[in-house]
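What follows is calculated from the coordinates using simple rules that are stated; it is not laboratory data. Because the structure is a prediction, the values reported are computed rather than measured. Because the Cβ atoms are built from the backbone with ideal geometry, glycine has one as well, and the counts that use them run over all protein chains shown.
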Amino acid sequence: MDTRHSPTDYFEIRLKGHLDTRWASWFEGMTIILTEEGDTVLAGPVADQAALHGLLKKVRDLGLLLISVNRVEPG
Amino acid sequence: MPDNLLQTKFHVPRLRPFLVPRPHLIEALNQGLAGKLTLISAPAGFGKTTLVSTWIDTLQTGSDTLLSKSLSPTPTQIAWLSLDGNDHVPARFLSYVIAALQRIDPHIGVSARSMLQASPLPIPALLTALLNDITAQPDRLVLVLDDYHVVDAPQIDEALAFLLDHLPPQLHLVITTREDPNLPLARLRVRGLLTEVRAADLRFTVAETAAFLQQVMGLALTSDQIAALEARTEGWIAGLQMAALSMRGQKDVSGFIQSFTGSHRFVLDYLLEEVLHQQPAHVQTFLLKTAVLNQLTGSLCDALTGENNGQQILESLERANLFIVPLDNERRWYRYHHLFAELLRQTSFTSDETHERDLHIRASQWYEANSLELEAFHHAVAANDVARAARLIEGEGLPLYFRGEAIPVRHWLESLPETEFRARPALWVTYASVLTMTGRVRDSIEEILQAAETALQDTVDDEKTTDLIGQIAANRAMLAVLTNQVDTIVTQSQRALEYLRPDNAPMRTTTTWTLGYAYQLQGNRAAARQAYADTIAQSQKSGNIMTEIAATTCLAQIQEMDNQAYQAAETFQRTLQLMSDPPWPGACEACVGLARIYYQWNDLETAERYGRQGLALARQLENVDTPVACDVLLARVQLACGDAAEALTTLTEADQFVQQHQFGHWAGEITDIRIQVLLHQGNLAAAAQLAQAHDLPISQARIHIAQGDPNAALAHLEPLRQQAEAKDWADMRLQVLLLQALAYQAADEHEWAVQTIGEALARAAPGGLLRPFVDEGPPMATLLREGVKNGVAPLFAQQVLAAFGEADVPQLQTFQRLPDPLSERELEVLKLLTTELTGPEIARELMISLNTMRTHTKNIYSKLGVTSRRTAVRRAEELNLL
């Protein structure tokens, strides 16, 4: 499997609970989408693996419950 | 970090007066002491640190004796280390671990500490030394590493894995972390040596939630309400605490609980506003403004808020349980709980960036006024205030980059756009100085200096401009030092001294050093020695450690050339001590110097070790010739071990490096060793050809002796003798005497030979120099035996013969070859230092006070030229003192 991904890769990070939109800048410009089931999806371009891990560390450091991480086709 | 702030890293966080008792967890931790590692791994806000501090409190006060039946009565000492984001550098991490343990007993880790400057860091050796010291401890030690997740460095994981593999029974490790560390957890788990406390164990049960809300927070709630809160927060302590704080001032508690539990909003987002709104307006403002600070103290907070009640509010926040962590016992320094600080910052700055800048500037001003210039600089950078940051770099009397802070300064400068440089030519000069200082010397430094000169043409011709011209010259002198261009060093140094402002002490001191270096290159050792001594005195006065290190290293080299090996070794060790934290690649020169001295003392193993350390360090620097010096030394060691082929390979590497970097001044010495290798292989013709081609008189003399033409050798040596005497070059004088003696011997002039070798022995004995004799091979051994028969320096001559590995040489008893021999009492202490006894035990044994004992130890170390107990014992063994 090719684990590399190009700079245009988009990720969706699903978290439990609704996060306020003011966190968008803290999560490096990710869009904050609130779902009806009460989850938050952080969606946006992620430069590389290091940036992705950086985002996950921020999730960890806020004590947020991480549900899933998905790479998606932009669209 | 200033000392008092630094000490807060070792401080066990103070307990709050009311806590939910968690006896099952405390008992689990007590049981865990039987194993090696206790891992407390859970996300932020689960009360990990509080649990460990509570447990430590029960261990120390014995307040839960009923519960800890399992705990043996062994006294337990705690070493606490709060980690932060800067601790990912292995040397820094280990130096803090050692410092934390030394708070229990200052003798722990003394020799481990001395290895911190080596590069690559000898982690296994260092940890072994540390563990040996711990094995000697009577009590059980618990080392707590709090917030281990911030470290995030594979090398440190490896170091801890090694530690766990070799853990003595006295030591137990406790780690709190937000993510599982990369340690052999499965293996420890299977062997029952790991105790784990995880989120599921830490989250409050319904009963604990009830106890917390009712008893700790004083809320009267129904059991349904408690269950609802427990379910909404899932027992997450940070969430419950925020909920409780929100409810305190709430008139309609049940309405609050209903809307909170009915909401999907992230618990903290929901509750922060509630909690903030519960606070009086002035406390809200205080929290939002001080959120930019990493550490808080009353007057610093006042500087940000413009009020006069900082200390009072900090103490009231502590009493109100408002996410504040005391960092010391004096209620001076605090910090916000990380999670809370993050929330506050988000709340206060999403809308207002100019406000944030203003707060950083105020913080910077406070730190500056309190002489904490590094923190002041960091806040100026955070405020993006270039003028202020640039001024703070210059420091009061001593620029930050002269104080071991060159790397943060360099990173900042590299982040600036070129327009800032054009607007402030002084930044170019600073950048050039910082690059030189951090060993990132490229051709571009000259370009940077030229850019500065161009920019200066457009500025007014004032005192500051003149000083900058001086600084540019000083930088050029420094660059010329790296390539040994004597004339340029002298010209630029003199220009620098002419232009530099009289009160620019740091740059003037540096220039005194570059001039000294030029004298050294010119062979004027007395003048160089004087310049270095001046530099050391000046730099000590201004606290300019970087320059002190450079001058001390050079002074040691002069002592080495003057055959004062013991003084030189001590001086080199001093540079290593000056550089121990953080390790600096500049230590390479001291390492290779020590390597050469140990080589002369015929301790080939130590020589090789220092040589390799020096090489690893030197390779981190650009455009310095130290790698060649290391290779040359290593080749000598390899030849001395009889491995001629290996020596040739090393010399080839050195040659390539010399050609690549145009360090032509090394060609002679490399060829000299090549010739010795050829002589060793018996290839006289090739050796002769090489010596002829390179015009190397010492080698030529050696070859003439080997060819059976001693008179030709003597003819080559005589002018060298005259030169060495005229210039007072002790090392060359010794070398010439040795070859003259051999030549006389070969010419059957036995009387002359014995007299000359006697003079050589007398010159070599004070420094204990063995190798210059041994390297001349079997004829030298014959000559020495003859010398001994004739009563020339019998003790030292026998020692030299022993170094030849001659079995028939009688072992010397307690002959001391120290310039300053040990006293009877010091010898007694030294003997006990070889035992397992601790310092206090030795003092008791000799019936002296601990202070007297320490004075003896200090004198012994100084006389032996060592810095640790371990090396003292080794030196003593080498010197046959035991």
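Stokes-Einstein, applied to the Kirkwood radius of the range B:535-612 over Cα pairs at a viscosity of 0.890 mPa s and 25 °C, places its translational diffusion at 197 µm² s⁻¹. Residues in the range B:737-742 carry Karplus couplings, in order, of 4, 4, 6, 4, 4, 5 Hz; the curve used is 6.51 cos²θ - 1.76 cosθ + 1.60 with θ = phi - 60°, and Gly or Pro positions show x.
Dipole magnitude for the range B:3-202: computed about the Cα centre from +1 point charges on Lys and Arg Cβ and -1 point charges on Asp and Glu Cβ, it is near 320 debye.
Cα gyration tensor of the range B:541-697, axes a ≥ b ≥ c as square roots of the eigenvalues: rounded (a/c below 1.5), prolate (a/b > b/c) or oblate? Prolate, since a/c reaches 1.5 and a/b exceeds b/c.
Would you work out the charge dipole size for chain A about its Cα centre, treating the Cβ of every Lys and Arg as +1 and the Cβ of every Asp and Glu as -1, and quote it to the nearest 20 debye? So the dipole magnitude of chain A works out to roughly 260 debye. Relative to the longest principal axis of chain B, what angle (0 to 90°, nearest 10) does the C-alpha long axis of helix B:545-561 take? Here the helix axis deviates by roughly 20 degrees. For A:I67, nonlocal amide neighbours, meaning residues 5 or more places apart or on other chains whose placed amide H falls under 5 Å from its own, are A:R14, A:L15, A:K16. How large is the helix-only mean residue ellipticity at 222 nm for chain A, computed as the sum of -39500 (n - 2.57) over DSSP H runs with n ≥ 4, divided by its residue count, in deg cm²/dmol to the nearest 500? That comes out to -5500 deg cm²/dmol. Would you work out if the range B:266-404 is rounded, prolate or oblate? Take a ≥ b ≥ c from the square roots of the eigenvalues of the alpha-carbon gyration tensor; rounded if a/c is under 1.5, else prolate when a/b is larger than b/c, oblate otherwise. Prolate shape, in that a/c is at least 1.5 and a/b is the bigger ratio. Neighbour counts of C-beta atoms inside 10 Å place B:T511, B:T222 in the sequence B:T222, B:T511, starting with the fewest.
Rounded, prolate or oblate: which fits the range B:114-198 when a ≥ b ≥ c are the square roots of the eigenvalues of the alpha-carbon gyration tensor, with rounded for a/c under 1.5 and prolate only if a/b beats b/c? Oblate is the answer for the range B:114-198, as a/c is 1.5 or above yet b/c matches or exceeds a/b.
Sorted from longest to shortest, the spans of the Cα atoms of the range B:696-811 along the three principal axes equal 39, 30, 22 Å. Taking the square roots of five times each eigenvalue of the Cα gyration tensor of the range A:10-72, the equivalent ellipsoid has semi-axes of 16, 12, 11 Å, listed largest first.
Taking the fewest neighbouring Cβ atoms within 10 Å as the starting point, the ordered list for B:F377, B:F657 is B:F657, B:F377. Diagonalising the gyration tensor over the Cα atoms of the range B:192-269 and scaling each eigenvalue by 5 before taking the square root yields semi-axes of 25, 14, 10 Å, largest first. Arranged from fewest to most other beta-carbon atoms within 10 Å of their beta carbon, B:C554, B:C591, B:C641 become B:C641, B:C554, B:C591.
The separation of the range B:185-258 from the range B:822-841, counted between C-alpha centres, amounts to 57 Å. Could you give the nm distance between label points at B:N370 and B:I407, where each point is 7 Å from its Cα heading toward the beta carbon? Here the answer is 2.6 nm between the modelled labels. In the calculated pair-distance distribution of the range B:633-755, the portion above 23 angstrom amounts to 36 percent of the Cα-Cα pairs. Using alpha-carbon positions, what is the distance between the centroids of the range B:279-314 and the range B:607-669, in Å? With the range B:279-314 and the range B:607-669 each reduced to a Cα centre, they are spaced 58 Å. For B:D84 and B:T135, a Förster radius of 41 Å and the Cβ-Cβ distance give a FRET efficiency of 0.85, rounded to the nearest 0.05.
In the protein assembly as shown, the DSSP beta bridges split such that about 50 percent are antiparallel, to the nearest 5.
Helix A:49-61 and the longest principal axis of the C-alpha atoms of chain A enclose an angle of approximately 20°. Both radii come from the Cα set of the range B:485-630: Rg as radius of gyration, Rh as Kirkwood radius; their ratio Rg/Rh reads 0.98. In order along the range B:623-632, the Karplus-derived 3J(HN,Hα) couplings, from 6.51 cos²θ - 1.76 cosθ + 1.60 at θ = phi - 60°, round to 6, 10, 8, 4, x, 5, 4, 5, 4, 4 Hz, and Gly and Pro are given as x.
Entry note, chain B: relative contact order of 8 percent, from Cα contacts under 8 Å with a spacing of 6+ residues.
Measuring nothing but how far apart in sequence close Cα pairs (under 8 Å, 6+ apart) lie, relative to its length, the range B:3-202 scores a relative contact order of 34 percent. Under a 5 Å amide H cut-off, with hydrogens placed 1.01 Å from N, A:F11 pairs with A:G44, A:V46, A:V72 among residues at least 5 apart or on other chains.
In sequence order, the range B:365-375 has phi-based couplings of 4, 4, 4, 4, 4, 9, 6, 9, 5, 5, 4 Hz under the Karplus curve 6.51 cos²θ - 1.76 cosθ + 1.60, θ = phi - 60°, and Gly or Pro positions carry x. Averaging the sequence gap over all C-alpha pairs within less than 8 Å and six or more residues apart, then dividing by the number of residues, gives the range A:10-72 a relative contact order of 48 percent.
Label separation (B:L837 vs B:D358): 6.8 nm, computed from points 7 Å beyond Cα along the C-beta direction. Of the GluC sites (Glu not before Pro) in the range B:223-297, the ones in a loop by DSSP (not H, G, I, E or B) with at most 16 other beta carbons within 10 Å are B:E234. Put simply, the amide H of B:V144, placed in the peptide plane, has neighbours under 5 Å in B:A79, B:W80, B:L81, B:V174, leaving out anything fewer than 5 places away on its chain.
Over 40 Å apart: what share of the alpha carbon pairs of the protein assembly as shown falls there, rounded to a whole percent? More than 40 Å apart: 54 percent of the Cα pairs in the protein assembly as shown. The angle separating the long axis of helix B:123-135 from the principal Cα axis of greatest extent in chain B is about 70 degrees. Give me the Debye-computed log₁₀ of I(q)/I(0) at q = 0.05 Å⁻¹ for chain B, equal point scatterers on Cα only, no solvent, two decimals. Debye intensities relative to I(0), on a log10 scale: -0.39.
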